[in-house]
Amino acid sequence: MPRARSVVLAATAALLVKRAVRRRVQAAPLWPLPALEEPISGRGRRAPTVVRRVVVTARTSPAEGVVLLRLEGTRLPPWEPGAHLDLVLPSGLVRTYSLCGDPAEAGVYTVAARLVADGRGGSREVHERLRTGTEIEIRGPRNRFPLVDAPAYVFVAGGIGITPLLPMLRAVRAAGARWRLLYCGRSRATMPFLDELEGAGDVTVAPEDEAGLPDLALLDGLPPETAVYVCGPDGLMDAVAQRLPQGRPLHLERFTPATPAPGDAFEAELRRSGRTVTVAAGQSLLAAVRAELPHVPYSCEQGFCGTCRQPVLAGEVDHRDELLTEEERRDSMLLCVSRCRGGRLVLDL
């Protein structure tokens, strides 16, 4: 009898524990999702990259070929003007977009995407598949384009390049700082947020079909303490850089990588796999590695999303990405755009 009673007590205790665990699981929040792990160093350390889920709660079109998405979720990290967000699209593609909403609005991210008809499919998927009610994953936000403290600002935007500058303009207006904006585009119909910007202050709108190439005279003779920000097509950003005195600080963000300089061929040892690949002068390291190791992940192939980041054990890297910090570049690289400065790299692959 005592033995039978002890068996009953043990079974009861096990049932109570099981119910308690079930209650804790049911009460656990759905968002954010558990962190995914990605390699961050040649010594095999791993750090969490948080992936969260959001829902498209509103979708509008602020200009021809542009879609504006309102994304809502729980416990979304705060952000500051200049930050960008990775969208993990339903197909698995990862695309990066600047946040253009209000940083003070908790639980909401807003992004705008222009349709690139001859692109690689990411913008088309955003336009065709992200509808109200669609749930997607996001990574970030990150900020490689922060707004610095300055007494005065000059902003130059080209088309969809207005998106990271829009929260900056709102911030400097609220702070009472002096500022000017030159907003360029193909036509007024293709330039988003014109209704908010025109009449908001010292704004020059320069559609190419009306005014031709933009006049950059506002950059001449600027006081050294004036901060200059530009975002848009490569041609516009290069023109701004050439107009400013040599050595003058310039804050810029590219939506596409700068045209890469020609690279020499090199070898990459894949240490854990026991293989060595030769990377031709016109070939990406990612392509050479995936020919041997097809499982190596990638997405944007432009140095923005970080999916193909891998640890570097030895060798000097020619970093060409738009993502990694200087500290991160000490022992890792993005395979899609970066190369070797010497003849050989050793990767922890």
Sites Glu125 and Ala287 - FRET efficiency at Förster radius 22 Å, r taken between beta-carbons, to 0.05:
0.45
Figure the gain on full extension for Thr276 and Arg75 (residue separation times 0.36 nm, minus the Cα-Cα span) and round it to one decimal in nm.
67.9 nm
In what sequence do Thr325, Thr57, Thr163 fall when counting other Cβ within 10 Å, fewest first?
Thr325, Thr57, Thr163
Compute the length gained on full extension between Leu313 and Ala241: take 0.36 nm times their separation in residues and subtract their Cα-Cα distance, giving the result in nm to one decimal.
22.3 nm
HN-Hα J couplings of the stretch 143-149 from phi, Karplus 6.51/-1.76/1.60, θ = phi - 60°, integer Hz, Gly and Pro as x?
9, 9, 9, x, 7, 8, 7
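Where Lys and Arg each count +1 and Asp and Glu each count -1, what net charge lies around Arg59 among other residues with Cβ under 10 Å from its Cβ?
+2
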So how do 191-198, 280-287 stack up, highest first, on mean other-Cβ count within 10 Å?
191-198, 280-287
Inter-site label distance for Thr57 and Asp215 at 7 Å from Cα along Cβ, in nm:
4.4 nm
With viscosity set to 1.567 mPa s and temperature to 4 °C, compute the Stokes-Einstein D of the stretch 90-198, Rh being the Kirkwood radius across alpha carbon pairs; µm²/s, no decimals.
82 µm²/s
Give me the orientation-averaged projected area of the Cα convex hull of the stretch 50-94, in nm², one decimal.
4.3 nm²
Please report the relative contact order for the stretch 47-142, taking Cα pairs under 8 Å with a sequence separation of at least 6, and give it as a percent rounded to a whole number.
39 percent
Cut-off 9 Å between beta-carbons: net charge of the residues surrounding Gly303, Lys and Arg +1, Asp and Glu -1
-2
Charge dipole magnitude, Cβ of K and R +1, D and E -1 - the stretch 152-253, Cα centre, debye nearest 20:
320 debye
Sketch the reach of a paramagnetic label on Arg142 as a point 7 Å from Cα along Cα-to-Cβ, and name the residues of the stretch 316-346 whose backbone nitrogen lies under 18 Å away.
317-339
How large is Rg/Rh for the stretch 47-142, to two decimals, with Cα atoms and a Kirkwood Rh?
0.93
From the Cα gyration tensor of the stretch 152-253, with a ≥ b ≥ c the square roots of its eigenvalues, which class applies: rounded if a/c is under 1.5, or else prolate if a/b is larger than b/c, or else oblate?
oblate
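Based on alpha-carbon positions alone, could you give the equivalent ellipsoid semi-axes of the stretch 266-347 from the gyration tensor, as √(5λ), descending, whole Å? If you can, show how the numbers build up before the last one.
Numbers: eigenvalues 59, 41, 29 Å².
Ellipsoid half-lengths, sorted descending, are 17, 14, 12 Å.
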For a quick check: sort Ile136, Ile162 by the number of other beta carbons within 10 angstrom, fewest at the front.
Ile136, Ile162
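Please compute the net charge surrounding Ser187, taking Lys and Arg as +1 and Asp and Glu as -1 over other residues with Cβ under 10 Å from its Cβ.
My count for the surroundings of Ser187 gives -2.
Rule-based calculations on the coordinates, nothing more; no lab input. It should be emphasised that the depicted structure is a prediction, and the values quoted were computed from it without experimental measurement. Glycine also receives a Cβ, built like all others from the backbone with ideal geometry; neighbour counts cover every protein chain displayed.
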